[in-house]
Each structure stands twice: as structure tokens, then as C-alpha cells.
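See below for the structure under consideration.
The values are calculated or read from the model by the stated rules, or taken from the named source; none is laboratory data. Just so you know, these numbers come straight off a predicted model, no measurement behind them. Methodologically, a virtual Cβ is constructed for each residue, glycine included, from the backbone with ideal geometry; neighbour enumeration extends over all protein chains shown. Please note that ligands, DNA and RNA were not included when accessible areas were found on the heavy atoms of the full protein model with its side chains. Shrake-Rupley method; radii C 1.70, N 1.55, O 1.52, S 1.80 Å.
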Amino acid sequence: LTIVFIGDGAPAGNYGYTNSGYSVYEEENERLTESLRTKVSAIKSLSIEIGTEVKNQNKMLSEMDNDFDSAGGLLGATMGRLRTLSRGSQTKLLCYMMLFALFVFFVIYWIIKLR
């Protein structure tokens with residue numbers, strides 16, 4: 001009884017696949033493996049770029065959110081002042097507006113008279 005191993009008698013390096021046609025499949029596998037490695041590398045770089053872009057977009061959205069919050073606070077304060085002004089007596093407001101209009105009228109009259 002003789003036990004024969006696949007690699008017996010075959011030159012080193014081809015593992016006995018030369019005669020059986022397996023070297024063609026090995027070369028095909030190596031070529032496909034290299035193609036897959038290239039595609040994985042491209043997908044990895046693309047996903048890194050997407051991650052960077054997402055971080056930049058999130059930063060910009062955060063800054064816009066802060067800007068809108070500050071604008072909302074300013075608008076709220078302005079509306080509060082308008083409410084306070086509108087609660088006051090209308091005659092007092094009308095008196096202030098008349099005094100301002102008279103002041104502007106006298107300033108314009110004085111500028112025209114000096115010419």
C-alpha cells in the first residue's frame with residue numbers, strides 16, 4: 001500500500017496544480033483578488049471623504065442653529081419692547097411723536113435759513 005500526497009514529485013512552487021489545470025484558476029483568483037482589493041480601497045477613500053463632508057455639514061448646521069437662536073432672541077426682545085410700548089397710554093406716545101416732528105421741522109427750517 002502506497003500513500004501518495006498531492007505535492008509528491010511536483011516541483012516546488014506549483015503544488016502539483018500544473019498538470020491538473022488549477023494554476024489557471026489560481027491566476028484568475030489572484031487577478032480577482034487584486035481587483036477586489038482596488039475596489040475596496042476606492043470605497044474606503046470614498047467613505048472617508050463622505051465622513052469628512054458630513055462632519056463639515058454638521059458643523060455648518062450647528063452654526064446656523066446658533067445664529068437662528070440669537071436672531072430669535074433678538075426678535076423676542078424687540079416684540080417685548082413693542083408690547084411694553086403699546087401698553088402705555090396712547091396720548092403719551094402721540095405727544096412724543098409730535099415733539100419729535102416739531103424738533104425735526106425746526107432743525108430743517110434752521111438748516112434752510114442758514115443757507
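Can you tell me which of Ser47, Ser62 is open to solvent by less than 70 Å² (accessible area, probe 1.4 Å), part of a helix (DSSP H, G or I) and modelled with pLDDT of 95 or more?
Working: Ser62 fails: modelled with pLDDT of 95 or more.
Being open to solvent by less than 70 Å² (accessible area, probe 1.4 Å), part of a helix (DSSP H, G or I) and modelled with pLDDT of 95 or more holds for just one of Ser47, Ser62, which is Ser47.
Checking the stated criteria, Tyr109 turns out to be in a helix (DSSP H, G or I), at pLDDT 90 or above and open to solvent by 100 Å² or more (accessible area, probe 1.4 Å). Of all residues in the stretch 87-110, none that is at negative phi and free of Cβ contacts under 8 Å to residues at least 12 places away in the same chain has its Cβ atom under 9 Å from the Cβ atom of a residue that is acidic (Asp, Glu) and in a helix (DSSP H, G or I), 6 or more apart or on another chain.
From the list Ala77, Ala10, the lone residue that is assigned to a helix (DSSP H, G or I) and modelled with pLDDT under 95 is Ala77.
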